[in-house]
Amino acid sequence: MPYPEDLDRWREACHIAAGAREVGARSAVPGARRIDVAEAVESYIRSHGAEPSFPTNLSRNVEAAHYTPSPDDTERLVAGDLLKVDVGAHLDGAIADTAVTVEVGGGRDHERLRKAAADAVEAGIAAVRPEGPVDEISRAIESAIHRHGFKPVANLTGHSIERYLLHAGISIPNVHGMSPEVLHEGQVVAIEPFATNGAGAIVEGAFGNIFRFRRDPGAGDPAVAGLFSRFRTLPFTLRWVAPPLRPHLLKARRHLQVYPVFVERGGGLVAQAEHTVLVGPRGAEVLTRTA
Ligand code: CO
């Protein structure tokens, strides 16, 4: 697998995403509206010359992933919320994906769970090597989470990333024994463990506010064609679509994938940590580290 041609763009997108993740973490204070946190993250990305590669995910407590605020969302964060700030940026399809979990208000009630996810992502990163089995990464993640007395979420995974493709075909499971794949030098992958004090799996909850074009919808409706040329096959949300265009999009539903919010099956709390890494000659180079 060759390195991406435009590796500098990937590095830059990852640098911007890391900064945006920190903006999200700092904005997530008690009383803040989730929509304001999402918009702070996305404005940071745009003001640095990139585009969000997916809507900012601000999943809370038992929500593991795929919650992004709707255009009319008024809900506010409260102290003690366990908030996953999962952000993505891209430059011409060179995609970054990174996440951190914060306890809103800065308390330490969920510190062990946060630490389990944070240690697991580092253990996974340390297990990356060229031509190395994905299963070694999965084992490292799983045992780091078990050491803290929690369960990995077995049906959420990390993933390889390619230009304009956030989930490009290789999954990086958070439990062992699931993957026969090996990683190759030059690949870009997101490693993203989820730790929980619940059942260790997610179920699909309500349909959320995240959409993706499955395919080119064609030129039939120029408004929809315009949206496809803007978002391509990357996830997007109604907040990014001008109000007059929203009905057009709903009519084009057959071309769209709509993502449900993922909720912990046993009602457990969920913490997540994620970095985008490059498989280098000696192991992982973390591209979304803050300096
Ligand atoms: Co990801």
Pairing a residue in the range 1-17 that is over 17 Å from F54 (Cβ atoms) with any residue that is aromatic (F, W, Y), where Cβ atoms lie under 8 Å and the two sit 6 or more apart in sequence or on different chains, gives P4/W10
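Collect the residues in the range 49-79 that are part of a strand (DSSP E or B) and of a type in the set (A, V, I, L, M), keeping them in residue-number order.
Taking the range 49-79 and keeping what is part of a strand (DSSP E or B), we get 51-60, 63-65, 76.
L58, A64, A65, listed by residue number.
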Name the strands (runs of 3 or more DSSP E) wholly within the range 124-234 that hold at least 1 residues that are over 24 Å from R282 (Cα atoms)?
194-196, 202-213
Quickly run through the range 32-43 and pick out the residues that are of a type outside the set (D, E), over 15 Å from A99 (Cβ atoms) and out of contact with any Leu (no Cβ under 7 Å at 6 or more places or on another chain).
R33, I35, A40, S43
Could you please find all residues in the range 233-277 being among the aliphatic types (A, V, I, L, M), modelled with pLDDT of 95 or more and within 16 Å of the ligand (Cβ to nearest atom)?
V261, V270, A271, A273, V277
Of the residues in the range 260-291, how many are of a type in the set (D, E, K, R), surrounded by fewer than 24 Cβ atoms within 10 Å (Cβ to Cβ) and part of a strand (DSSP E or B)?
1
Can you tell me which of (1) buried (at least 18 other Cβ atoms within 10 Å of the Cβ); (2) hydroxyl-bearing (S, T, Y); (3) away from the ligand (no atom under 16 Å from the Cβ) is the one S138 doesn't meet?
(3)
Of the residues F194, F207, which single one is among the aromatic types (F, W, Y) and either farther than 27 Å from V41 by Cβ or surrounded by 15 or more Cβ atoms within 10 Å (Cβ to Cβ) (or both)?
F194
Which pairs do you get when a residue that is more than 27 Å from H159 (Cβ to Cβ) and modelled with pLDDT under 95, found in the range 98-114, comes within reach of a residue that is more than 16 Å from the ligand (Cβ to nearest atom) and in a loop (DSSP other than H, G, I, E, B), reach meaning Cβ atoms under 6 angstrom, with the pair 6+ apart or on two chains?
none
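Could you grab me the full set of residues in the range 80-114 that are among the charged types (D, E, K, R), buried (at least 18 other Cβ atoms within 10 Å of the Cβ) and either away from the ligand (no atom under 14 Å from the Cβ) or outside any strand (DSSP E or B) (or both)?
Quick first cut of the range 80-114, residues among the charged types (D, E, K, R) only: 81, 84, 86, 92, 97, 103, 108-109, 111-112, 114.
Okay, now just the ones that are also buried (at least 18 other Cβ atoms within 10 Å of the Cβ), so 81, 84, 86, 97, 103, 114.
Scanning the range 80-114 gives D81, E103, R114.
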Of those in the range 115-135 that are out of contact with any helix residue (DSSP H, G or I) (no Cβ under 9 Å at 6 or more places or on another chain) and among the acidic types (D, E), the residue nearest to the ligand (Cβ to nearest atom) is D135
Would you check if T74 is within 16 Å of the ligand (Cβ to nearest atom), over 19 Å from A168 (Cα atoms) and among the hydroxyl-bearing types (S, T, Y)?
no
Within the range 174-191, can you find the residues that are within 16 Å of the ligand (Cβ to nearest atom) and either buried (at least 23 other Cβ atoms within 10 Å of the Cβ) or acidic (D, E) (or both)?
N174, L183, V188, V189, A190, I191
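The rows are residues; the columns are (1) over 19 Å from S53 (Cβ atoms); (2) among the charged types (D, E, K, R).
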residue	(1), (2)
G177	yes, no
G198	yes, no
R214	no, yes
F228	no, no
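Restricted to the range 29-48, and to residues that are assigned to a helix (DSSP H, G or I) and among the small types (G, A, S), which residue is farthest from V104 (Cα to Cα)?
Narrowing the range 29-48 to residues assigned to a helix (DSSP H, G or I): 34-47.
Narrowing the set further to residues that are among the small types (G, A, S) leaves 38, 40, 43, 47.
Numbers: A38: 15, A40: 16, S43: 21, S47: 26 Å.
Per the stated criteria, the residue is S47.
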Report whether or not S53 is under 24 Å from P30 (Cα atoms), modelled with pLDDT of 95 or more and crowded, with 22+ Cβ neighbours inside 10 Å.
no
Does at least one position in the range 212-223 carry a residue that is within 16 Å of the ligand (Cβ to nearest atom) and in contact with a Leu (Cβ under 8 Å, 6 or more places away or on another chain)?
yes
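The values are calculated or read from the model by the stated rules, or taken from the named source; none is laboratory data. Treat the numbers as computed from the prediction; the structure is a model and nothing was measured. Because the Cβ atoms are built from the backbone with ideal geometry, glycine has one as well, and the counts that use them run over all protein chains shown.
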